[in-house]
1. How about segment 45-96: which of its residues are of a type in the set (Gly, Ala, Ser) and either in contact with a Cys (Cβ under 8 Å, 6 or more places away or on another chain) or within 21 Å of residue 111 (Cα to Cα) (or both)?
2. Inside segment 89-117, can you point out the residues that are surrounded by 15 or more Cβ atoms within 10 Å (Cβ to Cβ) and in a loop (DSSP other than H, G, I, E, B)?
3. Taking only pairs six or more apart or across chains, which ones have beta-carbon atoms under 8 Å, a first residue in segment 77-98 that is over 17 Å from residue 9 (Cβ atoms), and a second residue that is at pLDDT below 95 and surrounded by fewer than 23 Cβ atoms within 10 Å (Cβ to Cβ)?
4. Mind checking which pairs have a first residue in segment 35-61 that is more than 14 Å from residue 86 (Cβ to Cβ) and a second that is among the hydroxyl-bearing types (Ser, Thr, Tyr), Cβ under 9 Å, 6 or more apart or different chains?
5. Checking the conditions here, which among 114, 103 is under 15 Å from residue 18 (Cβ atoms) and without any contact (Cβ under 8 Å) to a residue 40 or more places away in the chain?
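The values are calculated or read from the model by the stated rules, or taken from the named source; none is laboratory data. Treat the numbers as computed from the prediction; the structure is a model and nothing was measured. Using ideal geometry, Cβ is built from the backbone for each residue, glycine included, and neighbour counts are taken over all protein chains shown.
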Amino acid sequence: MDRLTVYHNPVCGQSRGALELLAERGAPVEVVEYLKAPLDRATLERFLDLLPDPPADLVRKDKRFKELGLEAADYVTREQVVAVLLAHPELMQRPVVIQGKRAVLARPSEKVLALLD
């Protein structure tokens, strides 16, 4: 089985849950704590290339999003999503899990299991 790369935030329950599911199945995992090692434009663009979801799904529209005075309608295109995540990496929806040329946004955590097929 190819190694899975999990872009992880340790305070996120979904992210911890995905790691637990992978550990239970003995899957080889590399963990990237993206808030400690911020992602570059190329990595974010790769996420958008691999994820089947619309680009806007990669942005959390949470309390922090509102505190920044952002509007969801302004962050729907690839370029808008990459720009906001470069400026505010804490807004990235997590975890993003990649295996080869496939990726999932593991919300709920069980979505990670699709990469183990």
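1. Selection gives 56 alone.
2. 93, 94, 95, 106, 107
3. Within 8 Å, no pair qualifies.
4. Going by the 9 Å Cβ cut-off, the qualifying pairs are 56/75; 56/77; 61/75.
5. The conditions single out 114.
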